[in-house]
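Below is one structure; the comments refer to it alone.
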Amino acid sequence: MESISSGGSTVITANYGRFRRRMITAVVTLVLLLVGGGIALGVTLGRDDASGTDAAPVPDARLPELGPVDPVLAGLSDDAPVPDADVLATRLTPLVTGSALGSGATAQVVDVASGEVLFDQQSDAPVTPASTAKLLTAVAALTTLDPADTLATTVVSGAVPGEVVLVGGGDVTLSRTSPSRTYPGAPTVEDLATQVVGALPAGTAVTRVVVDSSLYTGPLTASGWGPGDAPSSYAAPITATAVDGARVSPGATARSGQPGLDAGAALADALGAPGATVVLGQAPAGAKTLGIVQSAPVLRQVEQMLSLSDNVLAETLGRQVAIARDEPATFDGAAQAITDAVEEAGIPVADVTLSDSSGLSATNSVTAEVLTAIVTGAADGSLGNASGLLAGLPIAGYDGTLADRGDDDPATAPGTVRAKTGTLLGVHALAGTAVTADGRLLAFAVVADDATGGEVAAEGALDEFAAQLAACGC
């Protein structure tokens, strides 16, 4: 968790905390080894040896006293004062209107407990949200779907002997390694292949793998995506079948231009048939199920989507919302379904226009007011299951897309600022929560979609905005 220094840089004790936890873990492990060794030694020396003599037992080992444990999370005070709106305006206005974010930057700060707007800078103006649009996808997924729901990947028998069909259910986290290098809790191709081998008649040689991605329809890329966006290091063509988030290899940065075929090839390899033909197609009607694996729960996938700002994961979650709401499993269908779900959750969407579920499209339009309302509703519980999205917000200086935006000052309280980032060419955004120095929880959003000062300057201004909120004893 993080805190912010008065100098404006985001500060965090999380890195220090991790070092301390590792040291404690090492001490405890050593003690356990010593205790275990002492017990084993005592048993060995205490029994009759070949000469029939007994040795004295080793005294019991004593565990060290570790002392009180420091809080891991920044706490909230029951009687923390609400920051003074005038003081915040004095501190925040120069940042929002400064050259780093450009003249059209918008922002809002809300006191979560009371709902009072403490700062507002054109928050009702539509702007390009970049990846902060994933907050809308998170709300839609958690309120439309059961957060405990999972997505199935299935293998069924093919139309001819030696043929199997990999049927995608939208789980792009299916892993070629065990465990996954990117998505903890993801199912594995190995598990799926083991089931298939056990279900096929003994001695059956798999010679052909068909990949059925027909669950999703329409274009593979969205309106507003550039020609270099898919494949790239951050996106891929969106299909219902993929492995490792459509990455070219487990843990890689680069995404693939043929996620479905990659998944089929991974299954062939796991089946011990690397030479099998892999093609796209559809499963025959009434085909026998040979194997099935389930994804991590929707809630966990939402957390991973937000923390990693994973565009591919966001798009598949958007399509699951579309399917659940009887919309086409396309970019447009998902965008409509997400907008409808957010509106049903009580968030005004008159100024919301979506072309995708990830925020990668430059044609998306949202307001800072909507983003702040989502964070506020998640934090005060009024959005129901959408509160789960808070666990996925990156923690400054600690993890996700804010891991390198902070430091390891051990004097500051961890977990002070948690926020979703957003970055496109000329677009820089940050939306999340901050705990003030007095212990008051604030929700905020800052979006600049016409920034000309460069990424470093823009992110510095956003971090300073969050820093002022966290440092506020005002």
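The values are calculated or read from the model by the stated rules, or taken from the named source; none is laboratory data. Note that the structure is a prediction, hence the values are computed from the model and not measured. With ideal geometry, Cβ positions are generated from the backbone for all residues, glycine too; neighbour counts draw on all protein chains shown.
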Checklist entry - Which number in (1) surrounded by 21 or more Cβ atoms within 10 Å (Cβ to Cβ); (2) within 25 Å of residue 207 (Cβ to Cβ) marks the one condition that residue 160 misses? => result (1)
Checklist entry - Does residue 217 meet the test of being under 16 Å from residue 158 (Cβ atoms), surrounded by fewer than 20 Cβ atoms within 10 Å (Cβ to Cβ) and in contact (Cβ under 8 Å) with a residue 60 or more places away in the chain? => result no
Checklist entry - Across segment 331-361, what is the number of residues that are buried (at least 19 other Cβ atoms within 10 Å of the Cβ) and outside any helix (DSSP H, G or I)? => result 12
Checklist entry - Would you say residue 363 is farther than 12 Å from residue 134 by Cβ and out of contact with any Gly (no Cβ under 8 Å at 6 or more places or on another chain)? => result no
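Is it fair to say residue 416 is more than 19 Å from residue 133 (Cβ to Cβ), surrounded by 19 or more Cβ atoms within 10 Å (Cβ to Cβ), out of contact with any Phe, Trp or Tyr (no Cβ under 8 Å at 6 or more places or on another chain) and not basic (Lys, Arg)?
Values: more than 19 Å from residue 133 (Cβ to Cβ): yes; surrounded by 19 or more Cβ atoms within 10 Å (Cβ to Cβ): yes; out of contact with any Phe, Trp or Tyr (no Cβ under 8 Å at 6 or more places or on another chain): yes; not basic (Lys, Arg): yes.
Considered against the rule, which asks whether it is more than 19 Å from residue 133 (Cβ to Cβ), surrounded by 19 or more Cβ atoms within 10 Å (Cβ to Cβ), out of contact with any Phe, Trp or Tyr (no Cβ under 8 Å at 6 or more places or on another chain) and not basic (Lys, Arg), residue 416 comes out as yes.
Would you call residue 270 touching a helix residue (DSSP H, G or I) at 6+ places or on another chain (Cβ under 8 Å), over 18 Å from residue 215 (Cβ atoms) and touching a residue at least 12 places away in the same chain (Cβ under 8 Å)?
On the way: touching a helix residue (DSSP H, G or I) at 6+ places or on another chain (Cβ under 8 Å): yes; over 18 Å from residue 215 (Cβ atoms): yes; touching a residue at least 12 places away in the same chain (Cβ under 8 Å): yes.
Criteria met by residue 270.
To keep it simple, each residue is scored yes or no on (1) free of Cβ contacts under 8 Å to residues at least 40 places away in the same chain; (2) more than 20 Å from the chain's Cα centre (by Cα); (3) not in a helix (DSSP H, G or I).
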position	(1), (2), (3)
391	no, no, no
418	no, no, yes
457	no, yes, no
466	no, yes, no
Item to check | Exclusive hit being more than 23 Å from residue 389 (Cα to Cα) and among the aliphatic types (A, V, I, L, M), set 279, 302, 352, 366 | outcome: 279
Checklist outcome for this item: Scanning segment 440-470 residue by residue, those within 26 Å of residue 362 (Cβ to Cβ), out of contact with any helix residue (DSSP H, G or I) (no Cβ under 9 Å at 6 or more places or on another chain) and among the small types (Gly, Ala, Ser) turn out to be 454, 457, 458, 460, 466
Item to check | Only listed residue being under 31 Å from the mean Cα position of the chain (by Cα), under 30 Å from residue 383 (Cα atoms) and either surrounded by 16 or more Cβ atoms within 10 Å (Cβ to Cβ) or modelled with pLDDT under 95 (or both), chosen from 97, 106 | outcome: 106
Checklist entry - Across segment 148-187, what is the number of residues that are part of a loop (DSSP other than H, G, I, E, B) and hydrophobic (A, V, I, L, M, F, W, C)? => result 7
Item to check | Near pairs, Cβ below 9 angstrom, 6+ apart or cross-chain, from segment 88-101 (touching a residue at least 12 places away in the same chain (Cβ under 8 Å) and under 10 Å from residue 465 (Cα atoms)) to any residue that is of a type in the set (D, E, K, R) and in a helix (DSSP H, G or I) | outcome: 95/464
Checklist outcome for this item: Scanning segment 118-147 for residues that are under 21 Å from residue 326 (Cα atoms), among the hydrophobic types (A, V, I, L, M, F, W, C) and not in a helix (DSSP H, G or I) gives 145
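In segment 375-402, what residues are aliphatic (A, V, I, L, M) and touching a strand residue (DSSP E or B) at 6+ places or on another chain (Cβ under 8 Å)?
If we filter segment 375-402 for residues that are aliphatic (A, V, I, L, M), which is where we start, we get 375, 378-379, 383, 386, 389-391, 393, 395-396, 402.
Those that are aliphatic (A, V, I, L, M) and touching a strand residue (DSSP E or B) at 6+ places or on another chain (Cβ under 8 Å): 375, 379, 390, 393, 395, 396, 402.
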Checklist entry - Mind checking which residues of segment 227-248 are touching a residue at least 40 places away in the same chain (Cβ under 8 Å) and assigned to a loop (DSSP other than H, G, I, E, B)? => result 229, 234, 235, 236, 238, 239, 240, 241, 242, 243
Checklist outcome for this item: So, first residue closer than 15 Å to residue 331 by Cβ and without any contact (Cβ under 8 Å) to a residue 60 or more places away in the chain in segment 131-145, second residue of a type in the set (Ser, Thr, Tyr) and buried (at least 24 other Cβ atoms within 10 Å of the Cβ), Cβ within less than 6 Å, six or more apart or across chains; the pairs are none
Checklist entry - Pick from segment 288-319 the residues that are surrounded by fewer than 20 Cβ atoms within 10 Å (Cβ to Cβ) and closer than 30 Å to residue 159 by Cα: which of them is farthest from the chain's Cα centre (by Cα)? => result 288
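From the set of residues in segment 55-87 that are of a type in the set (D, E, K, R) and more than 30 Å from residue 116 (Cβ to Cβ), which is modelled with the highest pLDDT? Full working, then the answer.
Here is the first cut: in segment 55-87, the residues of a type in the set (D, E, K, R) are 60, 62, 65, 70, 78-79, 84, 86.
Still in the list and also more than 30 Å from residue 116 (Cβ to Cβ): 60, 62, 65, 70.
On the way: 60: 71, 62: 73, 65: 76, 70: 60.
Among them, the one singled out is 65.
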